[in-house]
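Remarks on the structure that follows.
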């Protein structure tokens with residue numbers, strides 16, 4: 001199979017969404033270089049990587065990875081965009097790890113949604129962050145081909161997309177990037193400032209950002225849960241007045257938690273958040289009774305305005 005075919009069918013949505021998310025989440029501009037075939041025997045990992053296992057018509061791994069200095073620069077830029085503060089870390093920190101993971105989650109979520117819309121029959125695991133180079137050799141087991149696309153970031157450096165291929169079956173199909181828009185809150189009444197708001201997300205970075213946006217709007221009674229199970233316990237013991245809840249989480253996903261909350265008889269307003277824009281998922285959540293759906297990314301430049309719209313205080 002030609003490099004052009006693999007790039008168009010499998011890698012293109014990731015590259016395209018990567019460049020769009022780079023701009024949206026870091027205010028940095030990037031350009032994609034020409035794809036090429038790496039020699040498996042000569043392939044070397046650069047450092048920090050966000051990986052997703054690929055199944056179905058392709059068996060392999062898609063990997064977005066960086067030299068350490070590039071990873072740190074991007075992590076600083078994501079944090080700065082998210083919190084509107086200067087970040088100048090020189091070494092990898094938990095904040096930067098969380099920032100890179102959130103950036104990777106957004107890219108993988110939105111690009112894999114495009115794959116599903118066009119019935120290309122590839123499945124992708126939830127992305128995960130790897131920084132121990134000693135663990136990375138295992139990803140080369142059974143790999144027959146490696147397709148590499150360099151991404152050049154203006155004034156920063158470069159990172160790479162790699163598709164590590166064990167086996168692939170090609171199906172013809174077209175892919176194009178679609179802009180995603182959120183589902184607005186249909187209700188008319190504004191949420192009062194003394195209301196208790198529950199934030200449910202497995203990303204501490206997203207919870208921190210949402211808390212800041214809410215504080216800017218005058219909402220200080222904010223509580224948190226890091227997965228759907230935690231949200232259920234809070235709804236049972238200390239019912240909130242409003243919930244913002246992520247969909248894809250490490251334990252119980254938000255759509256499952258939403259269904260259980262409704263089964264318990266609670267009509268608490270819930271706004272879902274996700275980088276996955278699958279319309280079947282959105283429709284399923286709407287049928288459970290939600291007060292909106294926010295499509296990530298969300299950052300300092302638009303976060304307060306977006307949250308205000310969903311709370312009807314704009």
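The values are calculated or read from the model by the stated rules, or taken from the named source; none is laboratory data. Since the model is a prediction, treat every value here as computed from it, not as a measurement. Note that we place each Cβ from the backbone using ideal geometry, even for glycine, and neighbour counts take in every protein chain shown.
This table checks each residue for (1) surrounded by 19 or more Cβ atoms within 10 Å (Cβ to Cβ); (2) in the same structural domain as residue 250 (by TED's automatic domain parsing); (3) closer than 24 Å to residue 102 by Cα.
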{"site": "129", "(1), (2), (3)": "no, no, yes"}
{"site": "135", "(1), (2), (3)": "no, no, yes"}
{"site": "145", "(1), (2), (3)": "no, no, no"}
{"site": "150", "(1), (2), (3)": "no, no, yes"}
{"site": "157", "(1), (2), (3)": "no, no, yes"}
{"site": "161", "(1), (2), (3)": "yes, no, yes"}
{"site": "164", "(1), (2), (3)": "yes, no, yes"}
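Under 21 Å from residue 83 (Cβ atoms), in contact with a helix residue (DSSP H, G or I) (Cβ under 6 Å, 6 or more places away or on another chain), at pLDDT below 95 and assigned to a loop (DSSP other than H, G, I, E, B) - does that describe any residue in segment 258-271?
no
What are the residues in segment 126-145 that are more than 23 Å from residue 95 (Cα to Cα) and within 24 Å of the chain's Cα centre (by Cα), if any?
139
Looking at segment 213-228, is at least one residue under 26 Å from residue 123 (Cα atoms) and in a loop (DSSP other than H, G, I, E, B)? Walk me through it before giving the result.
First pass over segment 213-228, keeping only residues under 26 Å from residue 123 (Cα atoms): 226-228.
If we keep only those that are in a loop (DSSP other than H, G, I, E, B) as well, we get 226-227.
Yes, the conditions are met somewhere in segment 213-228.
For every residue, the table says whether it meets (1) at pLDDT 85 or above; (2) touching a strand residue (DSSP E or B) at 6+ places or on another chain (Cβ under 7 Å); (3) outside any loop (DSSP other than H, G, I, E, B); (4) closer than 30 Å to residue 55 by Cα.
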{"residue": "158", "(1), (2), (3), (4)": "yes, yes, yes, yes"}
{"residue": "165", "(1), (2), (3), (4)": "yes, yes, yes, yes"}
{"residue": "170", "(1), (2), (3), (4)": "no, no, no, yes"}
{"residue": "174", "(1), (2), (3), (4)": "no, no, no, yes"}
{"residue": "193", "(1), (2), (3), (4)": "yes, no, no, no"}
{"residue": "198", "(1), (2), (3), (4)": "yes, yes, yes, no"}
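Do the conditions hold for residue 264, that is, is it crowded, with 19+ Cβ neighbours inside 10 Å and assigned by TED's automatic domain parsing to the domain that holds residue 307?
Considered against the rule, which asks whether it is crowded, with 19+ Cβ neighbours inside 10 Å and assigned by TED's automatic domain parsing to the domain that holds residue 307, residue 264 comes out as no.
Each row is one residue, and each column tells you yes or no for (1) at pLDDT below 85; (2) surrounded by fewer than 21 Cβ atoms within 10 Å (Cβ to Cβ).
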site: 55; (1), (2): yes, yes
site: 83; (1), (2): no, yes
site: 92; (1), (2): no, yes
site: 96; (1), (2): no, no
site: 109; (1), (2): yes, no
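Mind checking which pairs have a first residue in segment 8-29 that is at positive phi and a second that is in a helix (DSSP H, G or I) and buried (at least 19 other Cβ atoms within 10 Å of the Cβ), Cβ under 6 Å, 6 or more apart or different chains?
Within 6 Å, the pairs are 27/81.
In segment 291-310, how many are closer than 23 Å to residue 189 by Cα and in a loop (DSSP other than H, G, I, E, B)? If you could, list the steps in order and put the result at the bottom.
From segment 291-310, those closer than 23 Å to residue 189 by Cα are 291-295, 302-310; that's our starting set.
Checking the rest, the ones that are also in a loop (DSSP other than H, G, I, E, B) come to 291-292, 302.
The qualifying residues number 3.
Can you tell me which residues in segment 209-230 are touching a residue at least 60 places away in the same chain (Cβ under 8 Å) and either within 17 Å of residue 105 (Cα to Cα) or in contact with a strand residue (DSSP E or B) (Cβ under 8 Å, 6 or more places away or on another chain) (or both)?
Selection gives 209, 210, 214, 219.
Residue by residue, here is whether (1) within 14 Å of the chain's Cα centre (by Cα); (2) modelled with pLDDT under 90; (3) under 28 Å from residue 56 (Cα atoms) holds:
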residue	(1), (2), (3)
11	no, yes, yes
14	yes, yes, yes
18	yes, yes, yes
21	yes, yes, yes
30	no, no, no
34	no, yes, yes
37	no, yes, yes
41	no, yes, yes
